Amino acid sequence: MTLQDPKQFGKVAVLFGGSSAEREISLMSGNGVLEALRSRGVDAHAFDPSERDLVELRRDGFARCFIALHGRHGEDGTVQGALELLGIPYTGSGVMASSVAMDKVMTKRIWQADGLPTPKYVRLAFDQQSREQIRAVPDVLGLPLIVKPPREGSSIGVTKVEGYSQMQDAVALSAKYDADVLCEEFIEGEEVTCAVLGQGLDARALPVVRIAAPEGAYDYQNKYFTDDVKYHCPSGLAEAEEREIQRITLVAYHTLGCRGWGRADVMIRASDRKPFLLEMNTSPGMTSHSLVPMSARASGIAYEDLCLRVLTSASLDSTGGTQ
């Protein structure tokens, strides 16, 4: 991808903050992106949709948007739809891919339909959460298992359930964030992540990052606010394993209709080294602890250049994903 002259971008809004449970992380991501773009001569400005009406983007003459929002009303197709109506190109996936990828159950259904490996799951809809229904889940998925809200990120509301007695509290916690609850087979093994840059045939998977969390606790606190988690990039995986993870990540990205950039989270089962796709992030974190910048750096792309590349890919569904 050829990087544009920064002046050709026009006036750029970095959308960050927002109203989701991931607001704090979005503020960190957005400030990093804003500083990076300005350092490269881009006329970039902060814009928090929880404090300003999106209509102001057109009124104030913004030519494109860098979406550094995470979670609901930022990563779920809603902001993307508003920007489509305003006719302002934006970074990341379009309305449908953003909406689908935000919903882990819908994502898994699509991946399963295309034969991609993802852990078994049980969806507990809001009217399927009686004590009996909750208690029956481990009979289907085994123990341990994971309980999480299907439309949140950053490990918010997630519980690793070790026994039947923990199920009720785990579902209650998840239900604070989402009416539906996703119960997922626990894959014992290594956690990795793989980023993608680009669109269509030009999309490329970046080097895999292997995550080594203390006692496997890759939770909200460890992700963003401690240095206890160790990240390995190069991953140290066998070359064939790394290539296979990059391959299924690209297929998963295309299957959901993603564009611009994204990041898949993957578990490698220890017993047979089989990779399982967990989710696709269509507006990945850009904080000092974030994984896409780490992977990009390993492939020779500085943080500032990564931000420019993503901004260059800003587009609209109505122009066929090109701009």
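Structure values in brief
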| read-out | value |
| --- | --- |
| Carbon and sulfur %, accessible surface of the chain computed with the full protein complex present, 1.4 Å | 50 percent |
| Accessible area expressed per residue, the stretch 248-323, with surrounding protein chains retained (probe 1.4 Å, Å²) | 32 Å² |
| Unit charges on C-beta of K, R, D, E only; dipole of the chain, Debye | 540 debye |
| Rounded, prolate or oblate (a/c below 1.5 giving rounded, otherwise prolate when a/b exceeds b/c) for the stretch 11-61 by Cα gyration tensor | oblate |
| Solvent-accessible heavy-atom area per residue, rounded to whole Å², over the stretch 1-65 at 1.4 Å | 49 Å² |
| The chain: radius of gyration and largest Cα-Cα distance (Dmax), Å | 19.3, 61 |
| FRET efficiency, 1/(1 + (r/R0)^6) with R0 35 Å, evaluated for residue 132 and residue 228 via beta carbons | 0.35 |
| At 0.890 mPa s and 25 °C, Stokes D of the stretch 164-323 from Kirkwood alpha-carbon radius, µm² per second | 144 µm²/s |
| J(HN,Hα) series, the stretch 312-318, from Karplus relation 6.51 cos²θ - 1.76 cosθ + 1.60, nearest Hz, glycine and proline x | 4, 7, 3, 7, 10, 4, 5 |
| Prolate/oblate/rounded label for the stretch 116-160 (Cα gyration tensor, a/c 1.5) | oblate |
| Helix-derived mean residue ellipticity, 222 nm - over the chain, DSSP H n ≥ 4, -39500 (n - 2.57), to 500 | -10000 deg cm²/dmol |
| Euclidean distance of C-alpha centroids, the stretch 270-323 and the stretch 91-166, integer Å | 23 Å |
| Too-long pairs where the Cα-Cα distance tops 24 Å, listed order kept, from 176/230; 11/104; 108/160; 108/230 | 176/230; 11/104; 108/230 |
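The values are calculated or read from the model by the stated rules, or taken from the named source; none is laboratory data. Every value quoted in this text rests on a predicted model; they were computed, and no experiment measured them. Reconstructed Cβ throughout: ideal geometry from the backbone, glycine too, with neighbour counts over all protein chains shown. Heads up: the accessible areas ignore ligands, DNA and RNA and are worked out on the full protein's heavy atoms, side chains in. Shrake-Rupley method; radii C 1.70, N 1.55, O 1.52, S 1.80 Å.
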